[in-house]
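K.L.:
Shown below is the structure under consideration.
The values are calculated or read from the model by the stated rules, or taken from the named source; none is laboratory data. Source: prediction; values computed, not measured. Every residue, glycine as well, gets a Cβ built from its backbone with ideal geometry; the counts of neighbours run over all protein chains shown. These accessible areas exclude ligands, DNA and RNA; they are computed on the full protein's heavy atoms, side chains included. Shrake-Rupley method; radii C 1.70, N 1.55, O 1.52, S 1.80 Å.
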Amino acid sequence: MIPTVTVLPPESTQQAVGYPSLFLLVVIGALVPVVPTGAVVSSAAVVAMHQTSPFGLLVVFLVASFAAFLGDTGLYWLGKRGLRSRNGSKWLQALRDRAPADRLDQAQHKLREHGVTVLVLSRLVPAGRIPVMLACLLAEWPLRRFLRGNIPACLAWAATYQLIGILGGSLFAEPWEGLLAAVVLTVLISVAPTLWRKIRARTPDRA
């Protein structure tokens, strides 16, 4: 008797590999802010657009939101441990290294004035998440308070970058063209504030 071999369709294979990869990349990117997680979510949204399943985009949104929330929770918890430790920790030092003094002062000021709203918006501003998270740590926010504010922040972040992917994917018929457009849009949005600050810093003051 010849055993039957079940062959998964290409779409099922992409889902089996793509969703766990999306989850891991976003979690790692939240813990170690070197992975362009926004581009990862936008790319996943483009791929989901070209699948026949109507729930692909919903799954991308849920996976990305949960992964971002889980990563932020872990990083905040590690930061709090560093604050309580007499010698600090490498995680807390990494947060300090990625939060310039001027950005941290601005985040602390806005956090005192607007509270949780600043935390929600910080994930939508490129390079805004770490200074606000560090400001929450220095303000001694309990983990529960941080998590309550971080839930809508992660949902808004995932929705925003998914919309960028949908926009890039809808401009082109070929998936790879939409994927490239989504990545370019995401990178431009991410680096624009940094480039603007450098231009302003190099421009001499005018009377």
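K.L.:
Place a point 7 Å from the Cα of ALA139 along the Cα-to-Cβ direction; which residues of the stretch 96-120 have their backbone N under 18 Å from it?
P.N.:
From the stretch 96-120, the list is 96, 99-120.
K.L.:
Still on this model: In the stretch 45-75, which residues have a backbone nitrogen under 20 Å from the label point lying 7 Å from SER89's Cα in the Cα-to-Cβ direction?
P.N.:
67-75
K.L.:
Provide the per-residue ³J(HN,Hα) series for the stretch 94-103, in order, calculated from phi with Karplus coefficients 6.51, -1.76, 1.60 and θ = phi - 60°, each as a whole number of Hz, with x at glycine and proline positions.
P.N.:
For the stretch 94-103, the Karplus-derived couplings read 5, 5, 5, 5, 9, 10, x, 4, 5, 5 Hz, x marking Gly and Pro.
K.L.:
At 1.4 Å probe size, with every protein chain present, just tell me what the per residue accessible area of the stretch 93-161 comes to in Å².
P.N.:
On the way: 3480 Å² over 69 residues.
Averaged over the residues of the stretch 93-161, the accessible area is 50 Å².
K.L.:
Tabulate in residue order the Karplus-calculated ³J(HN,Hα) for the stretch 64-79, using 6.51 cos²θ - 1.76 cosθ + 1.60 with θ = phi - 60°, rounded to whole Hz; enter x for Gly and Pro.
P.N.:
Result, ordered by residue: 5, 4, 5, 5, 5, 5, 5, x, 5, 4, x, 5, 5, 5, 5, x Hz.
K.L.:
Can you tell me the FRET efficiency between PHE55 and LEU167 if r is taken as the Cβ-Cβ distance and R0 is 25 Å, rounded to the nearest 0.05?
P.N.:
0.80
K.L.:
In whole Hz, with x marking every Gly and Pro, tabulate ³J(HN,Hα) for the stretch 155-163 from phi via Karplus 6.51 cos²θ - 1.76 cosθ + 1.60, θ = phi - 60°.
P.N.:
Those phi angles translate into 5, 5, 5, 4, 5, 5, 6, 5, 5 Hz.
K.L.:
Ok, one more. When Lys and Arg each count +1 and Asp and Glu each count -1, what net charge do the other residues less than 9 Å away from CYS154, Cβ to Cβ, add up to?
P.N.:
Value of the local net charge: 0.
K.L.:
Based on the alpha carbons, how large is the Rg to Rh ratio for the stretch 97-144 when Rh follows Kirkwood?
P.N.:
Taking Rh as the inverse mean 1/r over Cα pairs, Rg/Rh reads 0.92.
K.L.:
Going through the stretch 76-178, which trypsin sites (Lys or Arg not before Pro) have at most 12 other Cβ atoms within 10 Å and a DSSP loop state?
P.N.:
ARG86
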